[in-house]
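Here's the structure, in structure tokens; my notes come after.
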Amino acid sequence: MFGVVRRAWLPLLIVVVIAVGGFVVQRVRGYFGGDDSGSSAAPFEDTKPFHPKIVVYDIFSPDGTYADINYLDLDATPQRVDGAGLPWSLTLSTTNPAVSPNIVAQGDGSTIGCRVTIDGVIKEENITTSPVSAQTFCIVKSA
């Protein structure tokens with residue numbers, strides 16, 4: 001009998017270690033939510049109606065001239081429009097909770113202006129006068 005125990009103690013120890021390790025892993029996964037079988041939580045349902053943000057870029061000039069326009073779309077990707085007839089306008093819509101509209105324009109007249117409107121509220125407006133090729137910019141840091 002003592003000879004059987006002497007030969008079998010190492011395989012028995014390995015089986016016990018594997019069983020204890022498996023039990024510990026199962027308990028830790030259940031504790032941290034890695035095991036979905038015990039979850040009884042209902043999926044998230046948003047009950048409030050959500051209205052997207054409407055961002056409007058406007059470039060205008062009393063001279064009715066042309067302008068080169070650079071702006072950031074709502075994904076913060078630079079965009080460029082060359083030789084746009086003024087007045088020029090662009091309307092964008094997003095479901096992002098925060099946007100940072102940015103527009104720069106340079107015209108071939110002496111006066112140029114920009115305006116950024118978010119959800120019908122003017123957030124930034126700038127009118128610039130220069131003897132030659134007026135330039136303007138509008139930046140809304142957080143909307």
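Read-outs: derived from the displayed coordinates by stated rules, not from any lab. All of these numbers come straight from a predicted model, not from anything done at the bench. Backbone-built Cβ (ideal geometry, glycine too); neighbour counts: all protein chains shown.
Here are the numbers:
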item	result
Signed unit charges on C-beta, dipole axis of the chain, positive-most listed residue Y31, S89, A134	Y31
Mean Cβ count within 10 Å, highest first, over the residues of peptides 91-99, 103-111, 122-130	103-111, 122-130, 91-99
Residues listed by number, segment 120-143, amide nitrogen under 17 Å from I54 label point at 7 Å toward C-beta	120-124
Principal-axis tilt of helix 2-31 within the chain, Cα atoms, nearest 10 degrees	30
Label-point separation in nm, W9 to F32, each point 7 Å along Cα→Cβ	3.6
Structure-based [θ]222 nm, the chain - -39500 (n - 2.57) summed over DSSP H runs of at least 4, per residue, nearest 500	-7500 deg cm²/dmol
